[in-house]
């Protein structure tokens, strides 16, 4: 039945040989990898506004220069990643680039930063999407946690269905958003030319703080979240149709141009119209209302913002499972994250991302603004490490004389590394107390866990090697068998038969809870199985496991062959799942005690499960 | 480690022979069985006030006559149960009395009603206790759900430690409460004599509805919750020290007298002082503040109310597990509810009660007033069935000429039956839409589930009988063995050895996810185990289970002996629990598929688990 529900929700399993078909063309790839980057304007603009409005009109006047600075940063970072895509056609995520050029530790730090970033992107995008629609329908503010969670659940399901379907599904909202926003900006420019600019000193609320360098840096730091998501494409190069690098590079340039235009355009118009927002509205919603009025076009813009932000969360679902699978392949994460699910996607990674992202939404009560300080650190740390790695890469290329324009390329990536490193510093310092400390503390902890996991896999590998093991030449004696019973009934007959088919030495044990019951069992026993010895073990503390373990240890000691008795367990299998609620789980209890209980000296005990299927 | 935590919280296990020692003397029994009944005044007074205040002073004037009516009801019900205790010295809960005299169905209805009642009592008492303390500290209203849940968790732990400790622990709050309240009532009477009565027409808020018969019946219906809990003692007779019936009867009379005095006293003083309560205060808190002023004595009274209500929830923890165990013994509930836990209490029943009660608190958002309509139905339905059963009981006694005063006794119980039946009707009708329908709908559903469960146990019993089974005389041939492997490594060596010790026909199966890996496994395999045949099954859909099941079915068909192959599973057992997160759970998956997958025709397949314990 679980299988049926699963098939209904995510579709039937796909065979492995279909894997190569799931490639994306440029339009689909833009839809799959860009929404995070494009939609960042929703929260970046909001953060810039919230950061500056405390200083009144004097503060808000700085939105434009800060926006231009961030746009400059965007150009530098985009160029850096364009180079990465061409240098790493098989996928140059920050993890790979940092690892190959700067060593394992740097690679892991980058991977950790990226992982945190992906998870936060899910939470930030979902909550910002709900904020966009709640700006239009204020009654929804009350349910923002629930609505955000529903959004995440939907995206999870769509992703579990498989990558290509994801691309198709996601393409529509992305293009709707682009059309709606560029139309709005065009209308805005026309209205601006006709009506002339607004006056910030008239509209802005009174300042509550004086304008300071701290406020400016603070605002810049959170505004930098506009760049998050730009790296996704470099990770996903192998998913593009061939020629992969060329297609990915062009798509990246297109995306960066669209991002820049949207960001600079919306910030510029906000300032030109001197738009301010109330407590229950985002600044982008206030801008749209100012340009389009309160009618249908406004609602279309808000709805398309919700959609692209919903889809933006999807960027993480495309990126995170791939990074997790890479790490798992190297032994830094549980290897279950490597396995392709029924639909040829890394299903476990998708589920993990969904759960952690949903958890963040609940913990931070669906508030985008509270999540942002944790967010920028991860993204910019990954940028810095990746760009630094690229600098080393070009230096090595130069030494091996493979590329003539190495100096120019090294300079470009070097510039990227320096400006993103400065940004990390600004974010870390100005946002430390507000939440950046969580990310900063988490990164070393996660790196430590990665190493710990790899150490475990290496331990296991060493324990599993056959090298040096002498071929076992001794004959294999038939086992001794001990079989616990709960009474004399039909359910143990098959077990007794099986036990006698594999061993001559079979002992049956009855654990007696209430004094006296054992004798009654013994009488029936001798009627039915006179040739099999029965032992009765009293259990004063009403435990079924302890007396059995004691008996096994005692009898093992009596036999000098050093061999442990195998345990035959008769086990009921109920006809319906809910019936198992009506039975003691004695067989399961005994099994897990035998498997995991270290108390008994040698614990390599064979467990033989003989099921007895109830028919109704 | 789980064991250690368990021992720390609830103490080490107790041997079965200590069971008989855990008897209660009268003072302890009063503390264990009375708090529900005594503390009912907290919510009953509140319901009477809330019911009448809508009709302003004209309504509140009726509090006194309604209170006296309920006190009359109390006397009748107490006398009825006094007789039950003596007629059923081995415990005469509603279930037993109704079942013995009115048949199984009536017994089950009574048991269901009582069960619902016990669960609701946990939720109502915990939330009313929190309301009492939040009346004194209004900031706590915000956290009433959390505080109620903490209270329930505490009581659960205390009960899991065992009955006698429960009695000791609970005695203190009960007697503190009694002393505090009777002192308060005494102070109240003195102040009343000095100051004279207050004026309701001056104090009461303006009526929002006109006084009507509906309001009066409505108020009476919810005020009847003052009687809930009075039946607990009749269920618990065997827990008293001998002579059980005499002690239990006397304790019941003492309890009823205390209940009546508290209820009539507090209602009377409320009316005499013309006390009214604001929205964030209970009427009992308002009364205490009126009598004692806002100083320390007032806080003592409120705190003792919290305590006794917390302890009142405990009455359910004494009663519910016992009723559940009784039902389980008859096969109407899962038999796990019958098992005595480590501390000689019905631990599973305690846990179930705690979870369901906690769930109700969350669902009803910690609001006592919303829970009350569900509450009274269950209690009074159980009263009615129990009293009706007693009428039949005395009639039978008369026919067997064992009791000369049968007519008087029958009359007493008959009166009880009639007045409680009328009350059920009043509650059901006047509170139907507010929640009584839930209880009314739940009772037949639960009774149906009870019958369904018993039918299952009877089915199982029939399937397990050995009667008519011919003794198996055919010799037991050695099994065929199939063994799936994940690769050639140290972890499968023991399994191969064991398989060869019990069978000559051993086949090893490798499920191949990626084409080509199988050939590599085959090469290593032949180096190490040249004499054991290896089969490679491709798995295009990356499932480990399906190809294995297919192979088993195919090979079973090839063998004409009708015997199914046994499956030997090599299973890693990691050294630490968290390591198991790092490995595929293939062995568990295969095991559950073999046990529960009905697709294969004959599914009685033996599973042989050969553990390989990782050392680190």
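The values are calculated or read from the model by the stated rules, or taken from the named source; none is laboratory data. A quick note: this is a predicted structure, and the numbers were derived from the prediction, not measured. A quick note on method: Cβ atoms are made from the backbone with ideal geometry, for glycine too, and the neighbour counts reach across all protein chains shown.
The table for this structure:
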read-out: Flag for residue A:508 being at the interface with another protein chain (Cβ under 9 Å from one of its Cβ atoms) and over 22 Å from residue B:336 (Cα atoms); value: no
read-out: Single unsatisfied condition, residue B:37 versus (1) touching a strand residue (DSSP E or B) at 6+ places or on another chain (Cβ under 9 Å); (2) crowded, with 24+ Cβ neighbours inside 10 Å; value: (1)
read-out: Checking residue B:232 against (1) over 20 Å from residue B:427 (Cα atoms); (2) surrounded by fewer than 20 Cβ atoms within 10 Å (Cβ to Cβ), the condition it does not meet; value: (2)
read-out: Residues within the stretch B:231-249 that are farther than 18 Å from residue B:413 by Cα, assigned to a helix (DSSP H, G or I) and out of contact with any strand residue (DSSP E or B) (no Cβ under 8 Å at 6 or more places or on another chain), tallied; value: 4
read-out: Every residue from the stretch A:594-609 that is surrounded by fewer than 18 Cβ atoms within 10 Å (Cβ to Cβ) and either more than 8 Å from every other protein chain (Cβ to nearest Cβ) or modelled with pLDDT of 85 or more (or both); value: A:597, A:598, A:599, A:600, A:601, A:602
read-out: Which listed residue, of B:584, B:560, is modelled with pLDDT under 85 and closer than 30 Å to residue A:13 by Cα; value: B:584
read-out: Residue satisfying all of: in the stretch A:330-351; under 18 Å from residue A:239 (Cα atoms) and free of Cβ contacts under 8 Å to residues at least 60 places away in the same chain; nearest to the other protein chains (Cβ to nearest Cβ) among these; value: A:339
read-out: The stretch B:514-542, residues that are buried (at least 17 other Cβ atoms within 10 Å of the Cβ) and either touching a residue at least 60 places away in the same chain (Cβ under 8 Å) or within 13 Å of chain A (Cβ to nearest Cβ) (or both); value: B:521, B:525, B:529, B:539, B:542
read-out: Residue list for the stretch A:560-581, filter: within 11 Å of chain B (Cβ to nearest Cβ) and surrounded by fewer than 18 Cβ atoms within 10 Å (Cβ to Cβ); value: A:563, A:574, A:575, A:576, A:577, A:578, A:580, A:581
read-out: Checking residue B:557 against (1) in a helix (DSSP H, G or I); (2) surrounded by fewer than 16 Cβ atoms within 10 Å (Cβ to Cβ); (3) within 11 Å of another protein chain (Cβ to nearest Cβ), the condition it does not meet; value: (3)
read-out: Pairs where the first residue, in the stretch A:69-96, is at positive phi and assigned by TED's automatic domain parsing to the domain that holds residue A:246 and the second is surrounded by fewer than 19 Cβ atoms within 10 Å (Cβ to Cβ) and in a helix (DSSP H, G or I), C-beta under 6 Å, 6+ apart; value: A:91/A:238
read-out: Some residue of the stretch B:254-263 being out of contact with any helix residue (DSSP H, G or I) (no Cβ under 6 Å at 6 or more places or on another chain) and not in a helix (DSSP H, G or I); value: no
read-out: Residues located in the stretch A:472-505, provided they are under 21 Å from residue B:500 (Cα atoms), in contact with a helix residue (DSSP H, G or I) (Cβ under 7 Å, 6 or more places away or on another chain) and within 7 Å of chain B (Cβ to nearest Cβ); value: A:472, A:476, A:477, A:478, A:479, A:502
read-out: Scan of the stretch B:438-467 for residues that are over 22 Å from residue B:114 (Cβ atoms) and more than 10 Å from every other protein chain (Cβ to nearest Cβ), ordered by number; value: B:458
read-out: Residue in the stretch A:203-222 that is over 30 Å from residue A:428 (Cβ atoms) and either out of contact with any helix residue (DSSP H, G or I) (no Cβ under 7 Å at 6 or more places or on another chain) or touching a residue at least 12 places away in the same chain (Cβ under 8 Å) (or both) present; value: yes
read-out: Residue B:610 vs. criteria part of a strand (DSSP E or B) and either assigned by TED's automatic domain parsing to the domain that holds residue B:486 or under 42 Å from the mean Cα position of the chain (by Cα) (or both); value: yes
